[in-house]
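One structure is given here, and the rest of the page talks about it.
Any read-out appearing in this document is the output of simple, stated calculations on the displayed coordinates, not a laboratory observation. Quick caveat: nothing in here was measured; it's all calculated off a predicted structure. Using ideal geometry, Cβ is built from the backbone for each residue, glycine included, and neighbour counts are taken over all protein chains shown.
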């Protein structure tokens, strides 16, 4: 299971999980469901290691 291997986790993945957890908790505790939805998105991105898909499939060129 590659989701549980901590050595493959980057700083951004951990940041998304922490941000998502905090925002989700605040949204649920304050009954702000839009905020809870946003926290869920951040948490899901962190768990699945998904981010911006604008360069999916190496379609972006990096200018040097």
(message) Under a crude label model (7 Å from the Cα following the beta-carbon direction), how far is residue 11 from residue 35 in nanometres?
(response) 2.8
(message) Taking 8 Å as the Cα distance limit and 6 or more residues as the minimum spacing, I'd like the relative contact order of the stretch 9-48 as a percentage.
(response) 49
(message) Taking 10 °C and 1.306 mPa s as the conditions, I'd like the Stokes-Einstein D for the stretch 9-48 in µm²/s, using the Kirkwood hydrodynamic radius from alpha carbon pairs.
(response) 166
